[in-house]
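Engineer: Sharing a structure with you now.
The values are calculated or read from the model by the stated rules, or taken from the named source; none is laboratory data. Predicted model, so just to flag it, every value in this text is computed and none were measured. Virtual Cβ from ideal backbone geometry, glycine too; neighbours counted across all protein chains shown. Just so you know, the surface numbers come from the protein's heavy atoms only, side chains and all, with ligands and any DNA or RNA stripped out. Shrake-Rupley method; radii C 1.70, N 1.55, O 1.52, S 1.80 Å.
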Amino acid sequence: MRLAARPAATVVICAFCASGARAVDLKPETVQAFDRYISGAEARLDDNLRPGGKFLWVDEQQQRVDQVRQGQLEIGNRSGREPLAVPGGLIHDWIGAVFVPAVTLAKTLALIQDYDHNHDNYKPEVLASRLVSRNGNDFKVYLRLMKREIVTVILDTDYDVRYFPLDGGRCHSRAYSTRIAEVENAGKRDERLLPPGRDDGYLWRLYSYWRFQERDGGVYIECEAISLTRAIPVGLGWLVGPIVTSLPRESLANTLRQTRAALLK
């Protein structure tokens, strides 16, 4: 973690370290609460795949369809409260959608699945990207991420991703983080990885659920991103709060905007 350069940096460092807010362990009860939330979310997603269900979130309201057809980003909170407090942590659940005209589902998936070049399409948040392996519709992916909001955090992350082709020009995917390690002194000779779950706690889990449908002369793209972060320490909401509360929404919004921009090139 690096603090942004500003006159109050020394005071910030002292307050951050003295409070014990920096080092925090991911507790079993926090993971259990996240897993329970994921079970409920995936049950809802599975229901939407059944006959009569709404495959796309935008189709739940005509206004959303109209907005994305006009080139706008639609984004909303799925948990009913943001963030959702659980023992030892916070769960963030955001969903967003865009529409890309004059492209096909095949072209869209080709861009999304080009993991070796994700760092070209998703700057500056994705610093490095690599396809580790592929077996049909199953991918293993590495990303080095940068999160910046008052503090700058660099994360090495691994994911298991599976795509599910459907009829009617549709496809959906699920991406599960399998490792998230905070990088100390990134890019320097003394760079090192902190043990996963024993770090600043700015991102412990990130599960992403994508939906694609080709229709109306283009492709609708949706992503629901569910993440787990540390709780906000008492008295340090001004420092820790922005990165664990605003960044999940901002990161999703940027990802969808950049996906649309890359497809329109």
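Engineer: Of a type in the set (Asp, Glu), within 27 Å of residue 46 (Cβ to Cβ) and either open to solvent by 50 Å² or more (accessible area, probe 1.4 Å) or free of Cβ contacts under 8 Å to residues at least 24 places away in the same chain (or both), is that true of residue 191?
Structural biologist: Working: of a type in the set (Asp, Glu): yes; within 27 Å of residue 46 (Cβ to Cβ): no; either open to solvent by 50 Å² or more (accessible area, probe 1.4 Å) or free of Cβ contacts under 8 Å to residues at least 24 places away in the same chain (or both): yes.
No; evaluated as a whole, the condition is false for this residue.
Engineer: Output the residues belonging to the range 57-79 that are among the polar types (S, T, N, Q) and open to solvent by 70 Å² or more (accessible area, probe 1.4 Å).
Structural biologist: Answer for the range 57-79, where residues must be among the polar types (S, T, N, Q) and open to solvent by 70 Å² or more (accessible area, probe 1.4 Å): 61, 62, 63, 70, 72.
Engineer: To continue, here is another question. Under 7 Å between Cβ atoms, which residue pairs at least 6 apart in sequence (or on different chains) link something in the range 46-67 that is under 14 Å from residue 220 (Cα atoms) with a partner that is of a type outside the set (Asp, Glu) and open to solvent by 70 Å² or more (accessible area, probe 1.4 Å)?
Structural biologist: Correct list of pairs: 60/54.
Engineer: If you go through the range 36-56 one residue at a time, do you hit one that is assigned to a helix (DSSP H, G or I), within 21 Å of residue 195 (Cβ to Cβ), modelled with pLDDT of 75 or more and open to solvent by less than 80 Å² (accessible area, probe 1.4 Å)?
Structural biologist: Taking the range 36-56 first, the residues assigned to a helix (DSSP H, G or I) are 36-49.
Then keep just the ones that are within 21 Å of residue 195 (Cβ to Cβ); that gives none.
No, there is no match, as no residue in the range 36-56 is assigned to a helix (DSSP H, G or I), within 21 Å of residue 195 (Cβ to Cβ), modelled with pLDDT of 75 or more and open to solvent by less than 80 Å² (accessible area, probe 1.4 Å).
Engineer: A further question on this structure: Among the numbered criteria (1) polar (S, T, N, Q); (2) modelled with pLDDT of 95 or more; (3) in a helix (DSSP H, G or I), which single criterion is violated by residue 245?
Structural biologist: Here residue 245 clears every test but (2).
Engineer: Residues that are modelled with pLDDT under 95 and touching a Lys or Arg at 6+ places or on another chain (Cβ under 6 Å): does the range 118-128 have at least one?
Structural biologist: No, the conditions are met nowhere in the range 118-128.
Engineer: A further question follows. Could you please find all residues in the range 104-125 being outside any helix (DSSP H, G or I) and surrounded by 17 or more Cβ atoms within 10 Å (Cβ to Cβ)?
Structural biologist: At the first step, the residues of the range 104-125 found to be outside any helix (DSSP H, G or I) are 104, 113-114, 122-125.
Scanning the range 104-125 gives 113, 122, 125.
Engineer: Here is a follow-up. If residue 99 meets every condition in (1) at pLDDT below 95; (2) touching a Lys or Arg at 6+ places or on another chain (Cβ under 8 Å); (3) under 29 Å from residue 67 (Cα atoms) apart from one, which number is that one?
Structural biologist: (1)
Engineer: Now for a separate question. Quick check on my filter: what residues within the range 86-103 are assigned to a strand (DSSP E or B) and of a type in the set (Val, Ile, Thr)?
Structural biologist: Of the range 86-103, the ones assigned to a strand (DSSP E or B) are 86, 89-101.
Answer for the range 86-103, where residues must be assigned to a strand (DSSP E or B) and of a type in the set (Val, Ile, Thr): 86, 91, 95, 98, 100.
Engineer: Let me ask something additional. For the range 69-85, name all the residues that are farther than 16 Å from residue 247 by Cα and either at pLDDT 95 or above or part of a helix (DSSP H, G or I) (or both).
Structural biologist: 69, 70, 71, 72, 73, 74
Engineer: Just need a number here: residues in the range 189-225 that are more than 15 Å from residue 179 (Cα to Cα), in a strand (DSSP E or B) and not basic (Lys, Arg).
Structural biologist: 13
Engineer: Go through 111, 143 for me and flag whichever is within 27 Å of residue 188 (Cβ to Cβ) and either touching a residue at least 12 places away in the same chain (Cβ under 8 Å) or touching a strand residue (DSSP E or B) at 6+ places or on another chain (Cβ under 8 Å) (or both).
Structural biologist: Details: 111 fails: within 27 Å of residue 188 (Cβ to Cβ).
None of the other options fit; the residue is 143.
Engineer: Now for a different question. Quickly run through the range 54-77 and pick out the residues that are out of contact with any strand residue (DSSP E or B) (no Cβ under 6 Å at 6 or more places or on another chain) and of a type in the set (Val, Ile, Thr).
Structural biologist: Across the range 54-77, the qualifying residue is only 65.
Engineer: How about the range 248-265: which of its residues are of a type in the set (Ser, Thr, Tyr) and modelled with pLDDT of 95 or more?
Structural biologist: The first filter runs over the range 248-265 and keeps only residues of a type in the set (Ser, Thr, Tyr), leaving 251, 255, 259.
Selection gives 255, 259.
Engineer: Please determine whether any residue of the range 84-100 is without any contact (Cβ under 8 Å) to a residue 40 or more places away in the chain and either open to solvent by 20 Å² or more (accessible area, probe 1.4 Å) or closer than 15 Å to residue 223 by Cα (or both).
Structural biologist: Among the residues of the range 84-100, not one is without any contact (Cβ under 8 Å) to a residue 40 or more places away in the chain and either open to solvent by 20 Å² or more (accessible area, probe 1.4 Å) or closer than 15 Å to residue 223 by Cα (or both), which makes the answer no.
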